[in-house]
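K.L.:
Structure in structure tokens, see below.
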Amino acid sequence: SGDIAFRMTNRTSYFYDPDVGNFHYGAGHPMKPHRLSLTHSLVLHYGLYKKMMVFKPYKASQHDMCRFHSEDYIDFLQKVSPNNMQGFTKSLNAFNVGDDCPVFPGLFEFCSRYTGASLQGATQLNHKICDIAINWAGGLHHAKKFEASGFCYVNDIVISILELLKYHPRVLYIDIDIHHGDGVQEAFYLTDRVMTVSFHKYGNYFFPGTGDMYEVGAESGRYYCLNVPLRDGIDDQSYRQLFQPVIKQVVDYYQPTCIVLQCGADSLGCDRLGCFNLSIRGHGECVEFVKSFRIPLLVLGGGGYTVRNVARCWTYETSLLLDESISDELPYSGELSTLRVTTCDTTED
């Protein structure tokens, strides 16, 4: 009977693929999948895994990916490799693969793993196996139907939302990455069944250059797309004063039956590519606020380029989602010696 009680109280699913942190975008590339292994090791060290249902995720098939992406593009991702890419010059250009989105060993395998975990999270929410599903490897919000963009190849978020729409009349998507959630916005721009809300840096040619407040959706989706463009250096208090009232009004008005939250950690202070000034606590407050509505929730990662701060942030947010308080001081020594954001003058390769 203890086992049944455990299943009734423990309603958080956590997806982790032991190989996902071993992929490498290449020397000097800011996107480092190793941050996922680091996050998982902190989740283990804090004992948080004991409070969740932990799954080694499903691997997404080409068919799953083609629920959003074009077959030509996915076929290319599956075939291309560092050894044969000289034969793919035209495709590399057509699909925007090569610079920000390099060809690296195991590229398709990597996409299959992070996408499968998000999709499985959506499926479990649909079947009420959990109330909250967590996949820190997901949240790759820039990928488009026909092309890679901004370190993202397969848009696991769009694919997961399409899965949620089988059971949910209205899905709310919230994005707190410093970059505009352009791939997700574009996918659902014409429908009222998904409302997208993105808080991001806008202006000065900051990537991806979209996300103006006048982008509001079109046709049936008009006013079901909300952008909150922000300037450099926003802090916890200013962010909270925007985030909480905006999200409360959106939830009250839209009445979503499911929420997808992209938790890009490049909005933290001291991020290698970011220019906001959120603390881990301030970033976590957004997660806690979204959780407080008690609506089924899919929680995903995203950007984050100062690796140890990303791992600290997502570990802390895992603890918030579980209502488990954890101390700032980590349970073992080493470079991750505190949960506070490391000051900006430390360098990483």
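The values are calculated or read from the model by the stated rules, or taken from the named source; none is laboratory data. Predicted model, so just to flag it, every value in this text is computed and none were measured. So basically every Cβ, Gly included, is an ideal-geometry build from the backbone, and we count neighbours across all protein chains shown.
K.L.:
For the structure I just gave you, tell me whether Thr89 is over 19 Å from the mean Cα position of the chain (by Cα), modelled with pLDDT under 95 and hydroxyl-bearing (Ser, Thr, Tyr).
P.N.:
Details: over 19 Å from the mean Cα position of the chain (by Cα): yes; modelled with pLDDT under 95: no; hydroxyl-bearing (Ser, Thr, Tyr): yes.
In short, no.
K.L.:
Looking only at segment 196-230, filter to residues that are at positive phi and among the aromatic types (Phe, Trp, Tyr); which one of those is modelled with the lowest pLDDT? Walk me through it before giving the result.
P.N.:
Here is the first cut: in segment 196-230, the residues at positive phi are 203-205, 209, 211, 217, 219, 223.
Okay, now just the ones that are also among the aromatic types (Phe, Trp, Tyr), so 205, 223.
On the way: Tyr205: 95, Tyr223: 99.
So, considering only residues that are at positive phi and among the aromatic types (Phe, Trp, Tyr), the one modelled with the lowest pLDDT is Tyr205.
K.L.:
So, Tyr25, is that one outside any helix (DSSP H, G or I) and either in contact with a helix residue (DSSP H, G or I) (Cβ under 8 Å, 6 or more places away or on another chain) or over 29 Å from Val310 (Cα atoms) (or both) or not? Give the derivation first.
P.N.:
Working: outside any helix (DSSP H, G or I): yes; either in contact with a helix residue (DSSP H, G or I) (Cβ under 8 Å, 6 or more places away or on another chain) or over 29 Å from Val310 (Cα atoms) (or both): no.
No; evaluated as a whole, the condition is false for this residue.
K.L.:
Sticking with this one: Within segment 270-283, can one find any residue that is touching a residue at least 12 places away in the same chain (Cβ under 8 Å), in a loop (DSSP other than H, G, I, E, B) and within 14 Å of the chain's Cα centre (by Cα)? Step through it out loud before you land on a result.
P.N.:
Of segment 270-283, the ones touching a residue at least 12 places away in the same chain (Cβ under 8 Å) are 270-283.
Next cut, in a loop (DSSP other than H, G, I, E, B) only: 270-277, 279.
Filter again for within 14 Å of the chain's Cα centre (by Cα), leaving none.
No, because not a single residue in segment 270-283 is touching a residue at least 12 places away in the same chain (Cβ under 8 Å), in a loop (DSSP other than H, G, I, E, B) and within 14 Å of the chain's Cα centre (by Cα).
K.L.:
Now for a different question. So which of Ala133, Ala143, Ala137 is assigned to a strand (DSSP E or B) and within 21 Å of Pro33 (Cα to Cα)?
P.N.:
Values: Ala143 fails: assigned to a strand (DSSP E or B); Ala137 fails: assigned to a strand (DSSP E or B).
Going through Ala133, Ala143, Ala137 in turn, just one is assigned to a strand (DSSP E or B) and within 21 Å of Pro33 (Cα to Cα): Ala133.
K.L.:
Residues of segment 250-269 being assigned to a loop (DSSP other than H, G, I, E, B) and either farther than 28 Å from Ile159 by Cα or free of Cβ contacts under 8 Å to residues at least 60 places away in the same chain (or both), which ones? Spell out how you get there, then give the answer.
P.N.:
Filtering segment 250-269 for residues assigned to a loop (DSSP other than H, G, I, E, B) gives 255-257, 263-264, 269.
Residue satisfying the conditions is Gly269 alone.
K.L.:
Quick check on my filter: what residues within segment 236-249 are in contact with a strand residue (DSSP E or B) (Cβ under 7 Å, 6 or more places away or on another chain) and either without any contact (Cβ under 8 Å) to a residue 60 or more places away in the chain or not in a helix (DSSP H, G or I) (or both)? Spell out the reasoning first.
P.N.:
Residues of segment 236-249 in contact with a strand residue (DSSP E or B) (Cβ under 7 Å, 6 or more places away or on another chain): 236, 239, 242-243, 246-247.
Those that are in contact with a strand residue (DSSP E or B) (Cβ under 7 Å, 6 or more places away or on another chain) and either without any contact (Cβ under 8 Å) to a residue 60 or more places away in the chain or not in a helix (DSSP H, G or I) (or both): Asp236, Tyr239, Leu242, Val246.
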